[in-house]
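Here is the structure we will look at.
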Amino acid sequence: GKILTLPFTDCCYQVIHGTNNGAYVGVSTIGYLTGKKDFAGYANIAPFSEVFLKLAREKDYESIKRMLGFLNIQYIFHNSDPGIYDTTFPGYPYQHVRKYLPNDQKGYSEFVKSLKGEKIFERGPYALYLVDKTTYLPHFYTSANIQKITDSENGLAKIKFEKINPTKYKVKIANAKGPYYLVFSEAFHRNWKVFLPKDEPSKDAAIQEGIHRNIFFDKQTFETAGAKSLPESSHFLVNGYANAWNITPQDTGGKENYELIVEMTGQRIFYVSLALSLIVFLASIAWGIKLFILDRKNWYKRSLK
């Protein structure tokens, strides 16, 4: 699950009070240090930026909860330190969003209280909350149909998903007896492809998250090269920003248990470019060594004369 970082900023920054009355203002430390995806400001939460601010001004907390669910936000991180908001930073980096969101940390505490579920961590001014579980949608989930406002996962197919790296996921499907929509809560892009079943079946039940990794290159990096993917016509925009695929039994050869690979195929260009660069680099080194050896040989011959 992703994280909503508060207080919210105009761009994508986080503010942390430091020693000697100093402060850090920069990219989110949660995203930078842990690799977890978080929403720290207006630019991060597109295409729902204006919608979020409008709902916050209207105090429509139920709609905000549903919006957070669409964005796969499972946690709210709140730094309640007055030294990073209130009168300390009356303008930048909160100048625009302050017109819609609470004007001080006391107001933010009430705002968080209206959205949060269980508190799972607290130390000093830092607190982490689960959002309302009834509105949360996992990173991958299945749906019987797609509507303008979609309900939570309905249990048609049981899935377990595992992040290999930010451009590749493995999704194990179980008990898929009919067609369904696979929804992937990442920004829509045509280069996200779903590659069809491998030989090994899945036996996992319910929606689960596997052990996530960050492996960019290993023996399975090119396992989808030449593999069949779902046609482009089955891939479409859902929830205003995310990816969805219509998967039928015909696509999977009638299997009920199988594994899919969801991959950003544009990443292959990076791998090919890296390989070519490495080949050119090694060739240059080899050529340099050859020239050096020939020069040494010529020098040795001249010295003998």
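Checking the condition acidic (D, E), within 22 Å of H189 (Cβ to Cβ) and either open to solvent by 60 Å² or more (accessible area, probe 1.4 Å) or at pLDDT 90 or above (or both), which residue from D38, D60 passes?
So the residue among D38, D60 that is acidic (D, E), within 22 Å of H189 (Cβ to Cβ) and either open to solvent by 60 Å² or more (accessible area, probe 1.4 Å) or at pLDDT 90 or above (or both) is D38.
Among the residues of region 1-17 satisfying the criterion of being assigned to a strand (DSSP E or B) and out of contact with any helix residue (DSSP H, G or I) (no Cβ under 7 Å at 6 or more places or on another chain), which is surrounded by the fewest Cβ atoms within 10 Å (Cβ to Cβ)?
Here the answer is K2.
Could you go through region 62-80 and let me know if any residue there is within 18 Å of D10 (Cβ to Cβ), touching a residue at least 60 places away in the same chain (Cβ under 8 Å), part of a helix (DSSP H, G or I) and not aromatic (F, W, Y).
no
Can you tell me which residue among I76, I120 is of a type in the set (A, V, I, L, M) and either open to solvent by less than 40 Å² (accessible area, probe 1.4 Å) or touching a Ser or Thr at 6+ places or on another chain (Cβ under 7 Å) (or both)?
Among I76, I120, only I76 is of a type in the set (A, V, I, L, M) and either open to solvent by less than 40 Å² (accessible area, probe 1.4 Å) or touching a Ser or Thr at 6+ places or on another chain (Cβ under 7 Å) (or both).
Of all the strands (runs of 3 or more DSSP E) wholly in region 84-144, which have at least 1 residues that are farther than 30 Å from V262 by Cβ and in contact with a Phe, Trp or Tyr (Cβ under 7 Å, 6 or more places away or on another chain)?
By residue number, 116-123, 126-131.
Could you pull out the residue among F70, F52 that is surrounded by 17 or more Cβ atoms within 10 Å (Cβ to Cβ) and at pLDDT below 90?
Just a single option satisfies the conditions, and that option is F70.
When only residues in region 256-283 that are modelled with pLDDT of 90 or more and of a type outside the set (A, V, I, L, M) count, which is farthest from Y169 (Cα to Cα)?
For region 256-283, the residue satisfying everything is N257.
Can you report the number of residues in region 18-38 which are closer than 21 Å to T167 by Cβ, of a type outside the set (K, R) and in contact with a helix residue (DSSP H, G or I) (Cβ under 9 Å, 6 or more places away or on another chain)?
Counting residues in region 18-38 that are closer than 21 Å to T167 by Cβ, of a type outside the set (K, R) and in contact with a helix residue (DSSP H, G or I) (Cβ under 9 Å, 6 or more places away or on another chain) gives 1.
In region 18-54, what count of residues is obtained for those that are in a strand (DSSP E or B), closer than 19 Å to P102 by Cα and not small (G, A, S)?
1
The values are calculated or read from the model by the stated rules, or taken from the named source; none is laboratory data. Bear in mind that the values here come from a model prediction, so they are computed numbers and not experimental data. For neighbour counting, all protein chains shown are included, and Cβ atoms are generated from backbone atoms with ideal geometry for every residue, glycine included. Heavy atoms of the whole protein, side chains included, go into the accessibility calculation; ligands, DNA and RNA do not. Shrake-Rupley method; radii C 1.70, N 1.55, O 1.52, S 1.80 Å.
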